[in-house]
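Here is the structure we will look at.
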Amino acid sequence: MTGSDYEHIREPIRRTYENMSHNRLYRNKKRGILAGVCAGIADWTGINLTALRVVVILLALPFTAVMIIGYLALALLVPAQPDNLYRDTEHEEFWQEVRKAPKDSVSTLNRRFKSLDQRLQRLEAWLTSPEYRINRELDK
């Protein structure tokens, strides 16, 4: 069999990795103990991993069957985090902050754009002012 014979297998895999999302819930097998479900939820929500594990264990005492079924369902349905999801640790930290407080991220961007807009308005006012024209004529 040649490489093109396996194209029908490779195509869905390629499409999956092209559509990776930084905001999606993934299982984090690197930080996980069993399947990485708690580690993935902690990464996705920004909750402390140890605190989340303690809460899961405490909830598992009265709700054992529900917690086991829920954990197994998440382990089967939630995909593992791809190794190449983030370029570096700075990129990963950026997306974790965005997931933790998207409203703060948007408001920070709004402030930056408002500041740039104000600077641009001042520049336009200066370039269209008579004083600029006079200075330009004197510099000739």
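Structural remarks
- The listed residues are ALA75, ALA65, ALA125, ALA60, and the only one of them that is among the hydrophobic types (A, V, I, L, M, F, W, C) and in contact (Cβ under 8 Å) with a residue 24 or more places away in the chain turns out to be ALA75.
- Taken over the range 72-88, the criterion of being under 15 Å from ALA35 (Cβ atoms) and surrounded by 15 or more Cβ atoms within 10 Å (Cβ to Cβ) is satisfied by LEU74, ALA75, VAL78, ALA80, GLN81.
- Filtering the range 83-126 to residues that are modelled with pLDDT under 85, part of a helix (DSSP H, G or I) and over 13 Å from the mean Cα position of the chain (by Cα) leaves LYS103, ASP104, VAL106, SER107, THR108, LEU109, ASN110, ARG111, ARG112, TRP126.
- Checking every residue in the range 100-119 against the condition of being touching a helix residue (DSSP H, G or I) at 6+ places or on another chain (Cβ under 7 Å) and within 30 Å of ASN48 (Cα to Cα) gives at least one match.
- Tally of residues being surrounded by 14 or more Cβ atoms within 10 Å (Cβ to Cβ) and among the hydroxyl-bearing types (Ser, Thr, Tyr) across the range 18-71: 2
- In the condition set (1) of a type outside the set (Val, Ile, Thr); (2) over 29 Å from PHE94 (Cβ atoms); (3) at pLDDT 90 or above, LEU49 is compliant with all but (2).
The values are calculated or read from the model by the stated rules, or taken from the named source; none is laboratory data. Since we're looking at a predicted model, the values are computed, not measured. A quick note on method: Cβ atoms are made from the backbone with ideal geometry, for glycine too, and the neighbour counts reach across all protein chains shown.
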